[in-house]
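Following: one structure in structure tokens, then a few remarks.
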Amino acid sequence: MKKLTTIIFLFLVTISFGQKTRQFADSIHSVYNIPEISYAAIDSKSILEIAALGKHSIDLPDAATLNDRFHIGSNTKAMTAFIIAKYVEIGKLKWTTKFFDLFPAWKEKSRTDYENITLQDLLAHKSGVQPFQGEGDPKVPDFKGTNQEKRNQFGQLVLTLEPVKLDEQSLFIYSNAGYTLATLMLEKASGKSWEQLVEKVFNKDLKLNVKFSWPENQKQEDTWGHNSENDKLIPVPSTVDYHLDFTEPAGDINIKLKDYIKFIQLNLRGLSGENNYLKASTYQFIHKGIENYSMGWFNIFENGKELSVHAGTAGTYYTIVHIDRLKGNAYIIFTNSFNTATQQGVKQLMKKLKENYGS
């Protein structure tokens, strides 16, 4: 009887938290003019709270649903690193494999600064390759061919560019191009393109229904991303040509929140010691193997807490996930806009979720 009473109490507390969070999230949605917010608080086996608020576009009446898709930007990095980790486990790669061990013919035309860069250097942003984050990027030719062929041409170009130096102030240099180079190593070792590997790992094996680029919003009702011009949100249709300069493996996946939760729960269970799609020891390395930034995750130790954190945007959506590694909880927020107001609103909602669920 005592156990049943405890279960009922926890159930009622969870409902209360959920109601309070939803009210708070609704105010964030209104005050910060965020068209749609979807969020969740989870542990390794259950969804503690989940909700979708707002509209697909500021110009459309169709309301948010939990079946909506969001472009997750740089949260793609953890998914690319996840695929690579599988090929490390089966012996096709090592974290310490040097890039030019797989591409010896490229060495002659590449800068000697990159001679010893490894797979884990690239994934942990310690290789020194140019960031390719948008503004101020080196000029890139209009490469031709398949996506994989264009990534190869882009990779060869990147390795001819002057490196960015690491120092005590810059312990890592966040680089989308580094993830392209890591992906070239994966493609070489596996004999498959990144797109084929995403389909195999996330869609065939894990049933996560992952797609590429913007969510389709012309043939069906779904989210529109919104960019910002003079503090005004502009809806972006999925037909707008979107070009990531051959760094798709660093940031070009879209997914439903419900399916992304399954991916994060795999990580939570792995961090708790469970072998699943990857070994528990692999999850430990992915999240904690390298200081500051590990394999697709910021590796944070602060105020007695251990966190794996990442955010993603390509300028029209903004998504963020915090994993509390000690408590075994995670908090995910997806939005379909990006500007300073969106970031401020998301920061407040994340704080509220953590307050409600004890992180």
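Between E302 and K94, what is the label-to-label distance in nm when each label sits 7 Å out along the Cα-to-Cβ direction?
Label-label distance for E302 and K94, simple model: 3.6 nm.
Using a Gaussian network model of the chain with C-alpha springs under 10 Å, which one of F212, F70, F103 is most mobile by mean-square fluctuation?
Maximum fluctuation in the GNM of the chain, among the listed residues, is at F103.
Calculate how steeply helix 340-357 sits against the longest principal axis of the alpha-carbon atoms of the chain, using the helix alpha-carbon long axis, and give the answer as 0 to 90 degrees to the nearest 10.
60
As I understand it, the value is the acute angle between the Cα axis of helix 176-190 and the longest principal axis of the Cα atoms of the chain; what does it come to in degrees, rounded to 10?
So the helix axis and the longest Cα principal axis differ by about 70 degrees.
Answer with one residue from I264, I320, L123: the one whose Cα lies farthest towards the positive end of the charge dipole of the chain, charges on Cβ with Lys, Arg +1 and Asp, Glu -1.
After comparing all options, I get I264.
PRE reach from E195 (point 7 Å along Cα→Cβ): which of region 107-148 fall under 16 Å by backbone N?
Answer for region 107-148: 143-148.
Quick one: which residues, 5+ away or cross-chain, put their amide H under 5 Å from the amide H of R69? H built at 1.01 Å from N.
HN-HN under 5 Å from R69: T223.
Return the single residue from L102, L159, L257 with maximal mean-square fluctuation; model: Gaussian network over the chain, springs between Cα atoms under 10 Å.
L102
For a quick check: sort S228, S74, S27 by the number of other beta carbons within 10 angstrom, fewest at the front.
Final ranking by Cβ density, sparse to dense: S27, S228, S74.
Points 7 angstrom from Cα along the Cβ direction at Q19 and K139: gap in nanometres?
In this crude label model, Q19 to K139 measures out at 6.3 nm.
Per residue of region 118-124, what does 6.51 cos²θ - 1.76 cosθ + 1.60 with θ = phi - 60° give for ³J(HN,Hα)? Whole Hz please, x for Gly and Pro, Karplus curve as stated.
10, 4, 5, 4, 5, 6, 9
N292's amide H: which non-local residues (gap 5+, or another chain) put their own amide H closer than 5 Å, with H modeled 1.01 Å from N in plane and none for Pro or chain starts?
N299
Using R₀ = 25 Å, calculate the FRET efficiency as 1/(1 + (r/R₀)^6) where r is the Cβ-Cβ separation of I50 and S213; round to 0.05. Present the calculation step by step, with values, prior to reporting the outcome.
Working: r = 25 Å, r/R0 = 1.00.
Result of the calculation: an efficiency of 0.50.
As a check on your grasp of the helix formula, calculate [θ] at 222 nm for the chain: sum -39500 (n - 2.57) over DSSP H runs of n ≥ 4, divide by the residue count, round to the nearest 500. Intermediate results must be reported in sequence, preceding the final value.
Numbers: 11 runs with 131 residues, N = 359.
Theoretical 222 nm ellipticity from helices: -11500 deg cm²/dmol.
Separation of region 242-303 and region 67-82 by C-alpha centroid, Å?
10
Any idea which of P237, I47, G273 is furthest toward the positive side of the dipole for the chain, if Lys and Arg beta-carbons carry +1 and Asp and Glu beta-carbons -1?
It is G273, whose Cα lies furthest towards the positive end.
Considering lysine pairs in region 92-190 that are 8 or more places apart or on different chains, how many have Cα atoms under 17 Å apart?
Value for region 92-190: 11.
Per residue of region 95-104, in order, report the coupling 6.51 cos²θ - 1.76 cosθ + 1.60 (Karplus, θ = phi - 60°) as ³J(HN,Hα) in whole Hz, putting x for Gly and Pro.
Calculated HN-Hα couplings, in order: 4, 8, 4, 7, 4, 7, 5, 9, 10, x Hz.
Peptides 88-96, 283-291, 332-340: what's the order by average Cβ count within 10 Å, highest mean first? Could the numbers behind the result be given before it?
Working: 88-96: 15.1, 283-291: 19.8, 332-340: 25.6.
Descending packing order for the listed peptides: 332-340, 283-291, 88-96.
How large is the charge dipole for region 92-190, taken about the Cα centre, if only the Cβ atoms of Lys, Arg (+1) and Asp, Glu (-1) carry charge, to the nearest 20 debye? Numbers along the way, then the final one.
Working: 13 positive and 13 negative charges, 80 e Å.
Here the size comes out at about 380 debye.
Take the chain, connect every pair of alpha-carbon atoms lying under 10 Å apart with a spring to form a Gaussian network, then pick out the residue of L66, L181, L271 with the largest mean-square fluctuation.
Its mean-square fluctuation being the largest, the pick is L66.
Just to check I understand the Karplus step: with θ = phi - 60° and J = 6.51 cos²θ - 1.76 cosθ + 1.60, what whole-Hz values come out for region 26-37, glycine and proline as x?
Each residue of region 26-37 in turn: 5, 5, 4, 4, 7, 5, 9, 6, 9, x, 9, 10 Hz.
Kindly put E229, E195 in sequence by how many other C-beta atoms sit within 10 Å of each C-beta, fewest to most.
On the way: E229 8, E195 16.
Ranking E229, E195 by Cβ neighbours within 10 Å, fewest first, gives E229, E195.
To the nearest 0.05, how large is the calculated FRET efficiency for E221 and V31 if R₀ is 35 Å and r is the Cβ-Cβ distance?
Details: r = 26 Å, r/R0 = 0.74.
The formula returns an efficiency of 0.85 here.
Sort T180, T316 so that the residue with the fewest other Cβ atoms within 10 Å of its own Cβ comes first and the one with the most comes last.
Working: T180 27, T316 24.
Sorted ascending by nearby Cβ count, the order is T316, T180.
If R₀ is 25 angstrom, what is the calculated FRET efficiency for the pair K165 and N292, using the beta carbon separation as r and rounding to 0.05?
Values: r = 16 Å, r/R0 = 0.65.
Efficiency, from the Cβ-Cβ distance: 0.95.
Could you give the length gained by full extension between L326 and K109, i.e. 0.36 nm per residue of separation minus their alpha carbon distance, to one decimal place? Write out the running numbers ahead of the final one.
Values: separation 217, 0.36 × 217 = 78.12 nm, distance 4.63 nm.
Using 0.36 nm per residue and subtracting the Cα-Cα distance, I get 73.5 nm.
Residues of region 147-183 with the amide nitrogen closer than 16 Å to a label point 7 Å from the Cα of D101, along Cα-to-Cβ, please.
182-183
With label points built 7 Å along Cα→Cβ from the Cα atoms of K188 and E229, find their separation and express it in nm.
In this crude spin-label approximation the distance works out to 4.3 nm.
Placing +1 at every Lys and Arg Cβ and -1 at every Asp and Glu Cβ, with all other atoms neutral, what dipole size does the chain have around its Cα centre, in debye to the nearest 20?
1320
Every read-out reported here was derived from the displayed coordinates using simple, explicitly stated rules and does not represent laboratory data. Just so it is clear, the structure is predicted and the values come from calculations on it, not from any experiment. Methodologically, a virtual Cβ is constructed for each residue, glycine included, from the backbone with ideal geometry; neighbour enumeration extends over all protein chains shown.
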